[in-house]
Structure formats: structure tokens, C-alpha cells
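The values are calculated or read from the model by the stated rules, or taken from the named source; none is laboratory data. Values in this document were obtained by computation on a predicted structure and should not be read as measured data. In this analysis, Cβ positions are derived from the backbone assuming ideal geometry, glycine residues included, and neighbour counts consider all displayed protein chains.
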Amino acid sequence: MLFKKTLQYFNNQVARCKLGQLQYQGIMMKVPSEMQKEENSEEDRLVKAFFTKNHEQIKVYGHSQKELNEKSSSPRNSWYKVVLPLKSNPELSFKFSRFYTNQVRIGRLLELMDYIASTVSYNYILPSSGATIVTAMVDNINFFGKISADQDLEIQGYVTFVGNSSIEVYIDVIQEGAVKVSANFLMVARDGKDHSKAYKVPILDLNGESDKETAEMRCYLGKHMQDKRKQQKDRGLDRKAPSQEEINELHKFFMNPPSDITIDETQIEKTLLMHIQDRNLHGKVFGGFVMREAFELGWLNAYLHVKGQGFPQIIHIDDIQFLAPVDIGSALQVQSRITAVKDPIMHVEVNCYKIGPNQQKIRSNDLHLTLNVPGIDIPQVQPKTYNEGMQWLNACRRMNYTI
């Protein structure tokens, strides 16, 4: 029965991934090779910050037809691509490898993607503007297939939509001609001298884009996602009571507990001191570092929950919130718990807190993972309190959206 259920889920998931991959590849930005201008990687901010070696082997590209303007900007101005020669460089491949397979270490990849989103945003507003760019959230990260650590990797980023001070950036991870990961980063521009003030970003000008129709579609989707985030916030369980259907489902769950493992019992955590080596341009802890630590603890939580019987595979990451900057010298406490299990998939919620010398604890980040473990009957978890019941319902909502 378990094999049949897993096989059915696997076939459905493969079909969904393939459809999602094809749909996404239809709207992603494709820059012809003759318009890609290779830049000096040894002088590139991202390469110097993220890679201590192999500068000359890593290739970085910008668009050859940039038109710099303080009042308006374009996707081609922002476009940035980095090529990692994992196939020909064993040392670089090792840096990105997982411990149990030759696939790419996702936490390390997330860290790099955040660097790229920041670079793309600075390209859009002009580095000389004096503005400060910070990551506000990562709306959706979709995984369309496995990523090998011994094949070259291309990662490109570009602006798709802007608000008054916000910038939406698409990040595409491409291997062997196919997109493997797509992500939507929401960046925010602040005044360089007074971070409490918003910085008005240039308007998005799509005239002159070689793929103007798809650029307009990406812009439309950006506006749609902005509206959707507002709707989800308004109907969140911290603002609005569950629907009657959800109340009935939760009641049934409490009356007939499927497990004696409570959500609280699945929690694991770690505490890290924030060092100066992990600071960003503005003297705070780099957001990509926090993402990596949060993801890897969440994955470990899932791995321990199935008692090492299989290796969890990430399907989707959503709603990574950056609620407060983390200071150098503070402690970062990362907590993870399994909040719901539905057949062959599980949901993991990760919360991060910064703790200052005065012991004040402030939530800095949230992250939500949906994973599956093929061939394993994942143990169910049971909410014990009302708060855990809301966490369980929230996890069910997110899993239903994902699958």
C-alpha cells in the first residue's frame, strides 16, 4: 500500500514539476549570447565575497545593451549571470556537494542566490545612487529537478516588477539547458544615510527589451504576486479565524489522534554567535547566511524525524521572511519543528531569533519547507495546544498550495 501510494505521488509530482518547469521556461528572461558581455570576475563583488579561490575560472556576465538612467531602468540593466564550472573544477564542486550524494547542497545555493538578488537590485538602481538594498522576503522557491554537483551551473537574475521602493527579482538556476530552480526575491531600497527612510527606485521601462511581451507578462505576474501577498496576509490565522471546514478537520484530528508524537516534541534548535566575517555591505549579518543556516536545520529536522531511513527531498520553499536585521556580535537562535505530515510529504517550519547581550529575544526570520521522503511512511505529528493547532492548519494550507 505504501509503495503504491508513494509511486502515485511520485508520478503526480514528476508531472507537476515538468509542467511547472515548462511554464516557467516560457516566461523566464532569455538573453541571446551575442548580448551577453563577459565581465572581469576578479573585480566582481559577488565573486570576491563568496569565493575565496578560483576567481578566474568563474564567469560573470552583464547585458551588452545597458542604458543607464536615474529616473527609469530596465530588466536588461539589471540582468546578471554567473557560471560555475563544477564539471571541470573538483574543488568548486566539493564546495557545493552534499554529504550523501553528488547533488548540490541547497543551503549553499540559497546563500549564493541571495547574493545574486542583491547584485541585480544594485544594477537596477545604479550602484552610485547611494541607496541601501536589503532582502525583505523570498516569496517562492520552486525545485523542478535534481541539481548535480559535477555539472556546470548557470545562475541568472533580473528585475521583473518594482513598486515605490520595492524590487522583485527572479533568480533562475539552470543546468544542462534546463531550469532546475526558480525563485522570487522581494528586495527593498532604503536611504543610504537614513535607513528608516524608503528610497524611491527608478520606474520599470520595458521599451527596448528583446522579449518585451514576456517582460510584460513577468511584470503582470509581479503585480499579481504583490496583491496575493496582501490577501494571504489578511486571511492569515494570526488575523482571521479558521474556516468552518478547517475547524472541523482540526476537531477530527484531536478526537482521533493519528500519532502520539506532538509537534513540540519534534523541535530541534541551535544557537550561533554572529561573526564579522558574515556581515553584509551595511554591517549586519548577510541574509543568505541566515537562509543557509535555517534551511539546513530544517532539513536535518526532517531527516531525524524519519530516523535516517531516507533522505528528504526539497519540493518547495515559501515565505522566507526577513523581519529584523541580525547584528554582528549577537546570537542567532534557530528553531525548527515538523508542523504537519500528509501522506509522503511533510512541512517544516523554521523560526530564527536574534539575542543581544541584554538577552532580549527578537524574531528575525521565518522559513517554510515542504519535503518528501520517497518510499518512507513518514510518522504523523499531533498538535497539543491551540497554538500548535494553528501551526498545523497553516502547514496544511501551504502543502495544499504546493501540491
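Any idea how many residues of segment 206-262 are at pLDDT 85 or above, touching a strand residue (DSSP E or B) at 6+ places or on another chain (Cβ under 8 Å) and in a loop (DSSP other than H, G, I, E, B)? Within segment 206-262, residues that are at pLDDT 85 or above, touching a strand residue (DSSP E or B) at 6+ places or on another chain (Cβ under 8 Å) and in a loop (DSSP other than H, G, I, E, B) number 1. The residue pairs whose first member lies in segment 363-390 and is on the phi < 0 side of the Ramachandran plot and assigned to a loop (DSSP other than H, G, I, E, B), whose second member is aliphatic (A, V, I, L, M) and at pLDDT below 90, and whose beta carbons are closer than 8 Å, counting only pairs six or more residues apart or on different chains, are D377/L2; P383/L250.
Taking (1) farther than 28 Å from E388 by Cα; (2) of a type outside the set (V, I, T); (3) modelled with pLDDT of 90 or more; (4) in contact with an Asp or Glu (Cβ under 7 Å, 6 or more places away or on another chain) in turn, R292 satisfies each apart from (1). Residues that are aliphatic (A, V, I, L, M), on the phi > 0 side of the Ramachandran plot and at pLDDT below 90 number at least 1 in none of the strands (runs of 3 or more DSSP E) confined to segment 99-177. The residue of segment 285-320 that is nearest to the chain's Cα centre (by Cα), among those that are over 23 Å from K180 (Cα atoms) and surrounded by fewer than 21 Cβ atoms within 10 Å (Cβ to Cβ), is L304.
Could we say that D343 is of a type in the set (D, E) and at pLDDT 90 or above here? Lay out the reasoning, then the answer.
On the way: of a type in the set (D, E): yes; at pLDDT 90 or above: no.
For D343, the condition - of a type in the set (D, E) and at pLDDT 90 or above - is not met.
Restricting attention to segment 82-112, which residues are crowded, with 19+ Cβ neighbours inside 10 Å and among the acidic types (D, E)? Passing the criteria: only E111. Among residues of segment 279-290 that are touching a residue at least 40 places away in the same chain (Cβ under 8 Å), those with a Cβ under 7 angstrom from a residue that is polar (S, T, N, Q), sequence gap 6+ or separate chain, pair up as H282/T132; F286/N280; G287/T135; V290/N365. Per the conditions (1) surrounded by fewer than 24 Cβ atoms within 10 Å (Cβ to Cβ); (2) outside any loop (DSSP other than H, G, I, E, B), the sole criterion not satisfied by V350 is (1).
Selection over segment 61-81 of residues that are at pLDDT below 85 and either touching a strand residue (DSSP E or B) at 6+ places or on another chain (Cβ under 8 Å) or surrounded by 20 or more Cβ atoms within 10 Å (Cβ to Cβ) (or both) gives a count of 1.
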